[in-house]
Structures are given as C-alpha cells and as structure tokens.
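Q: I have a structure here, written as structure tokens, and I will follow up with some questions on it.
Bear in mind that the values in this text are calculations on the coordinates, not laboratory data. Owing to the predicted nature of the structure, the values given are computational and were not obtained by experimental measurement. Using ideal geometry, Cβ is built from the backbone for each residue, glycine included, and neighbour counts are taken over all protein chains shown.
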Amino acid sequence: MAKYALRALALVYLLFLLVLPVALIVWRTFGDGFGPFAEALTSPSALHAFQVTLTVAVWAVVANTLFGIGVSILLVRHSFPGKRLLNAFIDLPMAVSPVVVGLALILVYGRFAPVGGLLESWGIQVIFSTPGMVLATVFVSLPLVVRAVVPVLEELGDEQEQAAHTLGASRFQAFLRITLPGIRWALGYGVVLCLARSLGEYGAVAVVSGRLVDQTQTLTLFVEERFQNFDQPAAFAAATALALIAVVTLLLTKLLRPKD
Amino acid sequence: MAIEVRDVNKSFGTTPVLREVSVDVASGSLTALLGPSGGGKSTLLRVIAGLEQPDTGTVRISGVDATRLSPQRRNVGFVFQHYAAFKHLSVFRNVAFGLEIRKRPKDEIRKRVMELLELVHLEKMADRYPSQLSGGQRQRMALARALAVEPEVLLLDEPFGALDAQVRKELRTWLRRLHDEVHVTTVFVTHDQEEAIEVADTIVVLANGEVVQVGSPADVYDNPANPFVMRFLGPVTEIGGSLVRPHDIEISVDPIEGGTPATVSRVVRLGFEVRVEVEVGGQEAWVQVTREFADRLGLEPGDAVVVRPAPGARSLALSAV
C-alpha cells in the first residue's frame, strides 16, 4: 500500500511541478495551430534573439571547452601550490547567484570602471554588448566541462600517455591521439551540458546586456520581454522553442552518458 | 655497452629510492632487475626510459648521453605491467602507433605490423580491440607495439606481474625464445627470482635502492654476495650458524664426519621433493631430499639423525653480518 502511495505522491508532485506547466505552455503555443507558432518565431525580433543566443552560447561553449580541458589536465596530471584553491574556485559559479555575477562584471568592465574604461578607449565595448554577455555566460557555465572531464581523466591514468611518449609521440601528439579520444564521451557530455546552460542563461545576461531589443536580446530575455508586453503567443512560442532545445540536449546527454 | 647507468641518485620527496646506482647492460643481453618491492628496480627502469629524471648521475644509451633526453627521443621500447593498451585503437593501430608517429608510408606500416603480430601470435586479432583480448594477449600486443619502432633497448616493467601463474610461465619461456630471435637488448624488472633465473642471462639484484650484486643466474644463486641475496634467490635454512640451501645438506642416520646431531620433527611429501624438518641444537631447520632418498632412510618424526652441509656446498656464515 505504502509503495503505491509513494508512487502516487511522486507522480502528483511531478504533475503539478513539471508536467502541467510544460504541457500548458505547449498547449497554449499550439492552441491555434502551427501557423501562429511559426509566425511568432520568425518575427525579426525573435530571429535576432535566436541569433544573439546562438552567438553567445557558441563562444561560451568554445571558451569553456578549451578552459575545461586545460584545467582538467592541470588538476589531474600536475601538482602545484594552490591546486586545491583552484579546484574550489571552479565550483564558485555554482554557488554565486547569476545576478551577482552580472553586477560584478559591470563593476569591472562597465564604462566608468578602470578596466572597462581602458577597453572602451580601444573601441571595445564589453557591457551592453556581446563580449559582456559571453563573459557572463562563460562564468555561469564554467564548472560543467571540468566536472565532467576530471573523473574520467583520473580513471584513464597516465600510463597510456607515457606509452605514447616512449613510442615517439610529443606531448601534443599524445594529447591528440591518446588523451582526447580517451575523454571524448565525457567531454561531449560536458559540452552538451554547457551548451544547455548557456542557451538557458537568464540572470547574469539580463544584467550585463541592458536588454536592448533587437540588439542584445537573447531568447530568454525575449520571452520575458514579450510576456511583459502582453504578447503571449510570442512569449509562449519562444518558451516552447527553448524547452524543445532543452529536451534535445537532455536526450543527447543520455546518449553520451552510458558510453563511459 | 647498450646501457650505462652511472652514479644515479633519485629521491621521491625525502625518501631516497636509488642510491649511487651504476649498472652496465651489454648489447644483445637479457638482463633482469631483481629485488623486493620498494627496492627501486622499477624506478631505475623508468630512469633508463626517461619517464623519471634522476637527481644526479647519468644514463647513456648506445654511447649517447641520454640523461636529459625526453622519452620521446630515446628510442626505447617500454612495456608496462598493466599493458597501457590504447583502448580506443584496434590491435593493429596499437602496434602501428609508433610508426604512424614517425610518418612511415602506409604499406610499410602494414607490412611491419603484420610481421610483428605474427611474431607475437596475434595475427588473427588485428581488428580486435584491447578489451576483447586476454591479459596475456594484451601484453604480447604491448610487446609488439614496443618492438615496432625498432628500439635500441626494450624495457619491461614487471611484464608478467598482472597475469595468472599459468600464463606467466608460458610467457616467460616465450619471452626467452623471442629474445633469441630478435636479439634486442632487453631489461626487465621482476620480484620473482624464479622468473629472473629462468629468463635472464644477467641478474642485477637491487635492494633498498642499491645494487647488491650483478652476475649470471648461476653465479648469483651459487655465490650470493650476502645473506640477503642468498635468501632472496632461493630457499635457505640455518644450521650451525650458517645459511645453507636445503638441498645442499646431507642427512644420515649413521654418524658422519663433521655432522651435527638433529631430531626429525616432521616429514612433508611434496610430490618428488620431500621436506624433512629437523631440530638442530634447539633450532628449526629443514632439508630437501628426493622421495627415493627419503624412502630409503625411512625417516619418521622423532628419529635421531646427523646433518652437515654437503662438501663443496656454498654456505654463508651468519656471524659475519
């Protein structure tokens, strides 16, 4: 009896928390057929928001992939003073609210801050522009690749790399031919997680972007702005699009996971 | 000399692992680095390969000072205890790895790899992955991989250590035969004295980071430099304050010249060999005799006997230590 009660409880919990809201959004989106959905998503503002989201996400993923591989190798294969501190710092973005991240970035890179002022004099605008949004997104998704790769790299050990060295491979060749294939599934998993997080980021990007419609508006910001302006069809359509992307990435991670 | 190691010192933190180690390895020889675990033999092998840097001292390979050379440039073949197989590559690609790095032409690689796979009896496994091979097969693959680049020296770190006893014995004999075919200067690390005696033509005994003795297997077995080497190389027992090999003791029921009276405490039959445990002057000792000999004497626990080291047998006086 208790077993069934628990099951029912879990189902009801999920129903009200997850299934109902998502189903309602989908229902609202497609309530008037596929036409309005396509129309809402192909408006110039929506297309622009898609493009901004993609640009920011791709740059953030590239940055975090390179950083993630580098730091993982540093943490697993080398010992140096301050290693534990670095290890702790990597998890910091998990603990800090994205809004705080955004404000902190403005403090450093804003027009009237020393670093931001300097960059501005060179013609590089960070805040209220793409570089700032990329920075914010990189920050919030920083740990994802590292945390996916480190355990696999640890398990892999360094004997295969040493064997490659004795066979004449340079460090870089050993990395490309041995280490990288060894961590590819974990890396793929980390990259997909990082991409999902980057596409869905709201708080930090909202602060640093200035929410300029048709300029620095990402898809999440577009949803919020449309909703505030009572353009519910557009808001729901974009929300459904985001949800679909999330589902696809979730499936991808499921595909990537068991291979290790 | 294929390898000359001179005055090598190496510490991990404050623990010295190698102390003033000097070893010469003759070209074309098959040398065993033998010693208890923690004796520094693996570290010495890794220093020769360039996988560890010595704190002081030099390593010369084929007359060239290799002390500061990276492993990549030493042209040594290294075989790891746990195979270090490239898991994502087929057996063929594993063996081809060194040749691919050297950018050899495709047909040459194919020819050479197939030759080597035949040599290690894996020609039918070329398309398999390491996970589909047994331990012994993986280790043979690792050996072919190391041989593919025609190394100046082949270094094996406890190559059979992770295999079960049966496969271990097979591979031992096989390694010896392989060496007779290929003639590449080979150094292998082992803690198994039987393996060293059976396979190697020179044994270097290492203990506490120091070279204790170097010699042929017979030499090291028959003329051990000290009680440690004698104990490590084979069974020993103690009579009259000396270390003696149990098969070098004469046992008799009749008085013999220079004999010491003893009492039989136990007779253990181990197939062909019979272990006679005796008490000599209040101390336990044992004598190894053949079954035939034991039957002729008809020894029983409690019998009074006389024991003495066989004439010409090497024994080591323990008082000297």
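Q: Which one, B:Glu292, B:Glu20, B:Glu158, has the greatest fluctuation when you compute a Gaussian network model over chain B with C-alpha springs under 10 angstrom?
A: The residue that fluctuates most here is B:Glu292.
Q: Would you work out the relative contact order for chain B, in percent, from Cα pairs under 8 angstrom that are 6 or more residues apart?
A: Once divided by the residue count of chain B, the mean separation gives 18 percent.
Q: Let me ask another. In debye, nearest 20: dipole of region A:32-256 around its Cα centre with unit charges on the Cβ of K, R (+) and D, E (-)?
A: Charge dipole, region A:32-256, about its Cα centre: 540 debye, nearest 20.
Q: Which one, B:Val64, B:Val47, B:Ala84, is farthest towards the positive end of the dipole of region B:1-89 when Lys and Arg carry +1 and Asp and Glu -1 on their Cβ?
A: Of B:Val64, B:Val47, B:Ala84, it is B:Ala84.
Q: Can you grab the distance from the C-alpha centre of region A:192-248 to the C-alpha centre of region A:49-105, Å, no decimals?
A: 21
Q: Using 0.36 nm per residue of separation minus the Cα-Cα distance, give me the extension gain between B:Glu170 and B:Asp7 in nm, one decimal.
A: 55.1 nm
Q: Relative to the Cα centre, what is the charge dipole magnitude of the protein assembly as shown, using +1 at the beta carbon of each Lys and Arg, -1 at the beta carbon of each Asp and Glu, and rounding to the nearest 20 debye?
A: Here the protein assembly as shown has a charge dipole of around 2200 debye.
Q: Using only atoms on other chains, find how many Cβ atoms lie within 10 Å of each Cβ of peptide B:45-58 and report the average.
A: Averaged over the peptide's residues, the number is 1.
Q: In peptide B:83-89, how many Cβ atoms from other protein chains are near each Cβ within 10 Å, on average?
A: Taking all residues of B:83-89 together, the mean is 6.
Q: Only Cα pairs under 8 Å and at least 6 apart count here; give the relative contact order of region A:1-146 as a rounded whole percent.
A: This gives 27 percent for region A:1-146.
Q: Count, for each residue of B:144-154, the Cβ atoms from other chains sitting within 10 Å of its Cβ, then give me the mean as a whole number.
A: 1
Q: Another one. Against the longest principal axis of chain B, how steep is helix B:135-148, in degrees 0 to 90 to the nearest 10, with axes from Cα atoms?
A: With both axes taken from Cα atoms, the answer is about 60 degrees.
Q: Sorted by packing (mean other beta-carbon atoms within 10 Å per residue), highest first, where do A:223-236, B:68-81 land?
A: B:68-81, A:223-236
Q: Lys/Arg Cβ at +1, Asp/Glu Cβ at -1, dipole of region A:32-256 taken about the Cα centre: which of A:Leu107, A:Ser198, A:Gln160 is farthest positive-ward?
A: Checking the options against the dipole of region A:32-256, the answer is A:Gln160.
Q: Which percent, nearest 5, of DSSP beta bridges in the protein assembly as shown are antiparallel?
A: Of those bridges, close to 75 percent are antiparallel.
Q: Considering chain B as a Gaussian network with a 10 Å cut-off on Cα pairs, which listed residue, B:Glu210, B:Glu273, B:Glu195, attains the greatest mean-square fluctuation?
A: Looking only at B:Glu210, B:Glu273, B:Glu195, the biggest GNM fluctuation is shown by B:Glu273.
Q: While we're looking at this one, here's another question. Choose one of B:Ala148, A:Leu92, A:Ala46: the residue whose Cα lies farthest towards the positive end of the charge dipole of the protein assembly as shown (beta-carbon charges +1 Lys, Arg; -1 Asp, Glu; about the Cα centre).
A: A:Ala46
Q: When DSSP beta bridges are limited to those with both residues in chain B, what percentage is antiparallel, rounded to the nearest 5?
A: Rounded to the nearest five, the antiparallel share is 75 percent.
Q: Separate question: Within straight cross-link reach of B:Lys111, meaning Cα distance under 16 Å, which lysines are found once same-chain residues fewer than 8 apart are removed?
A: B:Lys103, B:Lys124
Q: A further question follows. Which value in nm describes the separation of the simple spin-label points at B:Asp55 and B:Glu194, placed 7 Å from the Cα toward the beta carbon?
A: Once both label points are built, they end up 3.8 nm from each other.
Q: Mind putting a number on the dipole of chain B about its Cα centre? Charges go on the C-beta only, +1 for Lys and Arg and -1 for Asp and Glu, and I need it in Debye to the nearest 20.
A: In debye, rounded to 20, chain B gives about 1820.
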